[in-house]
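What follows is a set of notes on a single structure, which appears directly below.
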Amino acid sequence: MTQKWALITGATSGIGWATAHSLAEQGYSIIAVGRRAEKLQELQQDISQKWSAVKVKTLQLDITDRKALEAVLKDNLELWPQVDVLVNNAGLAKGVEKIQDANLDDWETMIDTNIKGLLFMTRGILPFMVKKNQGHIVNLGSVAGRWTYPGGGVYCATKFAVRALSEGLRMDLLGSNIRVTNIEPGMVNTEFSMVRFGDQKVADKVYEGMKPLSAQDIAETIAWCVKRPAHVNIQELVIYPTAQAHVGQVARNT
Ligand SMILES: NC(=O)c1ccc[n+]([C@@H]2O[C@H](COP(=O)([O-])OP(=O)(O)OC[C@H]3O[C@@H](n4cnc5c(N)ncnc54)[C@H](OP(=O)(O)O)[C@@H]3O)[C@@H](O)[C@H]2O)c1
């Protein structure tokens, strides 16, 4: 049987980690991308132990580093024609300062990761999907890509961009068998808030008194989208926890 491969960026934690497991469970071999080598190794061991037939290839890479990404693409040419699913998951928010007060480095990190990293990776892999006229790109957008909230202007702008790019991709790929899905979660309890605030206490407060989504909830949704028959494309999915009605409206201690 030919091996099916899924490439997942940001597979070292949260939604990416859980998605690597969910797709491995579906029989996909995994190409896991992230910056933390020890986490990539942990993921590889974990998946290999659980599903012995599944292959796991790890690529330590900072997707904002265009030269490094181009080198990885060039050095692994045998892999790309086999990739059926690309999950553009790596992403982050930094800070919640108002635009007039914000740190420019935070802006660059968000824009470089959430928009440019996603674009570079897509540009690298997509031609191989086009060539075989088959594939599925799953982008991790966010409810922040539909609704803005105070202090989230630039993060939201990056996720609005992910939505626009998902739409643009579908238009450019029309007539092919390549599907593009934009997953737009509300609050998910991962390392996301710790990365955003740099303080565990502040991060924990985000989810205090309410039940957020888990990474597993989103991973199962992604796996479900991927598993639809080839003629079915789930274009966009907004997923909130029941305790969240809108970006800024959360029920706590109810
Ligand atoms: N959590 C939420 O509430 C939520 C809601 C809506 C959407 N999202 C989106 O979901 C996606 C996953 O987030 P998460 O919640 O799972 O957060 P997370 O636990 O912090 O995971 C983020 C992943 O992205 C990777 N990453 C970050 N910068 C990278 C870079 N420059 N190069 C390569 N990998 C990089 C991290 O790996 P390394 O540190 O090892 O590189 C990590 O594996 C993001 O796009 C996020 O915007 C999250």
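Remarks
- Test: A215 is under 21 Å from the mean Cα position of the chain (by Cα) and of a type outside the set (K, R): yes
- Some residue of the stretch 46-54 being in contact with a Lys or Arg (Cβ under 7 Å, 6 or more places away or on another chain), farther than 16 Å from I222 by Cα and without any contact (Cβ under 8 Å) to a residue 60 or more places away in the chain: no
- Within the stretch 79-115, being more than 10 Å from the ligand (Cβ to nearest atom) and in a helix (DSSP H, G or I) holds for W80, P81, Q82, L104, D105, D106, W107, E108, I111, I115.
- Residues being without any contact (Cβ under 8 Å) to a residue 60 or more places away in the chain and buried (at least 24 other Cβ atoms within 10 Å of the Cβ) - total across the stretch 1-19: 1
- Filtering the stretch 23-47 to residues that are of a type outside the set (K, R), within 13 Å of the ligand (Cβ to nearest atom), assigned to a helix (DSSP H, G or I) and closer than 16 Å to N89 by Cβ leaves L40, L43.
- Test: residue in the stretch 117-131 that is surrounded by 14 or more Cβ atoms within 10 Å (Cβ to Cβ) and not in a helix (DSSP H, G or I): no
- Among the residues of the stretch 1-16, just one is outside any loop (DSSP other than H, G, I, E, B), more than 11 Å from the chain's Cα centre (by Cα) and among the aliphatic types (A, V, I, L, M), namely A6.
- Among the residues of the stretch 93-113, the one identified as closer than 15 Å to K159 by Cα and surrounded by fewer than 16 Cβ atoms within 10 Å (Cβ to Cβ) is E108.
- Considering only residues in the stretch 157-176 that are over 25 Å from K94 (Cβ atoms) and buried (at least 16 other Cβ atoms within 10 Å of the Cβ), the one that is nearest to the ligand (Cβ to nearest atom) turns out to be L169.
- Lone qualifier among V154, V180 - being aliphatic (A, V, I, L, M), surrounded by 17 or more Cβ atoms within 10 Å (Cβ to Cβ), in a strand (DSSP E or B) and more than 11 Å from the ligand (Cβ to nearest atom): V180
- Single match in T58, T19, T64 (criterion: in a loop (DSSP other than H, G, I, E, B) and out of contact with any Phe, Trp or Tyr (no Cβ under 8 Å at 6 or more places or on another chain)): T64
- Considering the stretch 187-254, the qualifying helices (runs of 4 or more DSSP H), each wholly inside and each with 1 or more residues that are aromatic (F, W, Y) and in contact (Cβ under 8 Å) with a residue 12 or more places away in the chain, run over 192-197.
Here is a yes/no grid of residues against (1) under 21 Å from the mean Cα position of the chain (by Cα); (2) over 22 Å from G16 (Cα atoms); (3) among the small types (G, A, S):
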{"site": "F160", "(1), (2), (3)": "yes, no, no"}
{"site": "I178", "(1), (2), (3)": "yes, no, no"}
{"site": "T190", "(1), (2), (3)": "yes, no, no"}
{"site": "K211", "(1), (2), (3)": "no, no, no"}
{"site": "E220", "(1), (2), (3)": "yes, no, no"}
{"site": "A243", "(1), (2), (3)": "no, yes, yes"}
{"site": "N253", "(1), (2), (3)": "no, yes, no"}
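- Checking D112, D84, D75, D106 one by one, the residue that is in contact (Cβ under 8 Å) with a residue 40 or more places away in the chain and more than 30 Å from D199 (Cβ to Cβ) is D84 and no other.
- Considering residues of the stretch 28-46 that are among the charged types (D, E, K, R) and surrounded by fewer than 15 Cβ atoms within 10 Å (Cβ to Cβ) only, the residue nearest to G10 (Cα to Cα): R36
Bear in mind that the values in this text are calculations on the coordinates, not laboratory data. Predicted, not measured: the structure shown is a model, and the values here were computed from it. Glycine also receives a Cβ, built like all others from the backbone with ideal geometry; neighbour counts cover every protein chain displayed.
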